[in-house]
1. Got a number for residues in the stretch A:128-138 being more than 7 Å from chain B (Cβ to nearest Cβ), free of Cβ contacts under 8 Å to residues at least 60 places away in the same chain and farther than 13 Å from B:A132 by Cβ?
2. Filter the stretch A:143-191 for residues that are outside any helix (DSSP H, G or I) and under 19 Å from A:G216 (Cα atoms) and give the result.
3. Exactly one condition in (1) within 16 Å of the chain's Cα centre (by Cα); (2) surrounded by 24 or more Cβ atoms within 10 Å (Cβ to Cβ) is not met by A:R102; state its number.
4. Can you find a residue in the stretch B:77-95 that is surrounded by fewer than 24 Cβ atoms within 10 Å (Cβ to Cβ), at positive phi, within 13 Å of chain A (Cβ to nearest Cβ) and not polar (S, T, N, Q)?
5. If I go through the stretch B:139-166 residue by residue, how many of them are more than 7 Å from chain A (Cβ to nearest Cβ) and either surrounded by fewer than 24 Cβ atoms within 10 Å (Cβ to Cβ) or within 30 Å of B:T253 (Cβ to Cβ) (or both)?
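Readers should treat all values here as calculations from the given coordinates under stated rules, not as data from a laboratory. Since we're looking at a predicted model, the values are computed, not measured. Positions of Cβ are backbone-derived with ideal geometry, glycine not excepted, and every protein chain shown enters the neighbour counts.
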2 protein chains.
Amino acid sequence: MPDFDSLLFAHASRVGETLEALLGERSSGAEVMRPPRLMEAMRYSVLSGGKRIRPFFLMECARLFDVDPAVSVRAAAALECIHCYSLVHDDLPAMDDDDLRRGKPTTHVAYDEAMAILAGDGLLTMAFDIIAHPDTHPDAEVRSRLVGLFAQNAGAGGMVGGQVLDIAAESKALTEPEILQLQAMKTGALIRCACESGAILGEASPEEQAILLEYGHLAGQAFQLADDILDVTSDQQTMGKKTAKDAIAGKGTLVSLLGLDASRKRARELLEQAIATLEPFGQRASVLIDVARFTVERKN
Amino acid sequence: MPDFDSLLFAHASRVGETLEALLGERSSGAEVMRPPRLMEAMRYSVLSGGKRIRPFFLMECARLFDVDPAVSVRAAAALECIHCYSLVHDDLPAMDDDDLRRGKPTTHVAYDEAMAILAGDGLLTMAFDIIAHPDTHPDAEVRSRLVGLFAQNAGAGGMVGGQVLDIAAESKALTEPEILQLQAMKTGALIRCACESGAILGEASPEEQAILLEYGHLAGQAFQLADDILDVTSDQQTMGKKTAKDAIAGKGTLVSLLGLDASRKRARELLEQAIATLEPFGQRASVLIDVARFTVERKN
């Protein structure tokens, strides 16, 4: 049994290789021409490292139901396309106006704004092409459910809506329920989606799917709280992106509302709750316990 | 049998009503919250009229195989979401920087840039949610094929790629094959997609599907050529958007390359070719003949 760090690295490598292949220069249709500079900007946006934590959640939830990571990696790569497109668009001057991401210039700095908008659009669109392909799952019913789930979590009622709330949060102080709502949409939605997708790919029972959705909900909250804590306690060098951003932008987070100690306590509580949901899976869920712990205890 | 104009109006109304319902304020999931201002910007972007010509192609191609427009309107509405999102993003300051569309301020002018980017992202994402839903077609295999087809035509090898080529065309003179390639991607892809989707929704034979793809290819070229002619011969009042844009941007079109008379002749030839492809369908395809003719002979 490999240790957790090796497994995280192995899954991330697999996701990277899959994305490399999907974004490769040769395309399947003979008449199809994908502009090289666009493909380069899409590759830049999605192949720049990152922990691939959402794909990890997806692949490990699917593995509970004996889905080989060699298969679930396609849905995982699609989810990562959606995550990375959202980073590219969020970093744009009209939005968060960030010039550094994972220690490298953001896409609109490395290319230009138009290319960043279009690379994001291309990645989001490609995600659905990947999911709909029979290689992702032999049963079209499963693929269709995944498309719907991804779209709902990524769209106006999920991640995109969360970004709208996040921008609005710059000009008003949020209450705790408002912050939880914002985070459940902006970052929580894709993590819940990862866990629920794993269950769907594995053709889990409705009960098992509900457990993993709840696990994803709690792990996502813990992940976000850890992120907010790191934004206050870490530095740009370690994080590969600007820190103390929330305070500078005047954005309320749970950390500014509850304080650092209470936030750390809350993160530990969420972690314990997330782990408790997995109890019905017994020993099989040990990696999901590890990844929940990792999201809270990570240093960047 | 209603005349063509009434049918165009009836289908457009149906598409508008469907989009109204899908973008309605109440959402299906109890916990889902879609930010009101985002929904307003999405509605503004997609409910601002327009001929709904892509939905019309889709619904009428599907009707060849006895698919009721009350059913095909969902896939048609999804396609219109993709078309409208592309207009919103193309109009952004970083891209074509347009402030007028269908006689109204563009989305980033009426709202702001961040909201326009996110409204576009939301519409693109919603399109896939609509297609994946069982109401679009009872067979998940059909829905999956539609998702793949939409994504391929809308993505890097289709519309998004075409926009990249279009931006690049501002700084270099294009040859005729390059212009045809650009147009086949930027505007042709969604029109081909409309026609092919109609065939897929109607569970047409591979031969019938290939005919409609070819029809869509030719009708799309004719449509684009007519657009380029109108850009030169019409005015902003009639078009509801800026005209002579291509010449001002220094963009080569077939009209600047071939001249106005030869372009008109070419448009008529394409129209005749498009009509000829429909011959196997006999009298049943009369509306598709009408719409091809309309795209070439329209005044705006």
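1. Going through the stretch A:128-138, the residues more than 7 Å from chain B (Cβ to nearest Cβ) turn out to be A:130-131, A:134-138.
Going one step further and asking which of them are free of Cβ contacts under 8 Å to residues at least 60 places away in the same chain, we end up with A:131, A:134, A:138.
After this cut, where a residue has to be farther than 13 Å from B:A132 by Cβ as well, the list is A:134, A:138.
Of the residues in that region, 2 qualify.
2. A:G155, A:G157, A:G158
3. Single failed check for A:R102: (2).
4. For the stretch B:77-95, residues surrounded by fewer than 24 Cβ atoms within 10 Å (Cβ to Cβ), at positive phi, within 13 Å of chain A (Cβ to nearest Cβ) and not polar (S, T, N, Q): absent.
5. Count: 10.
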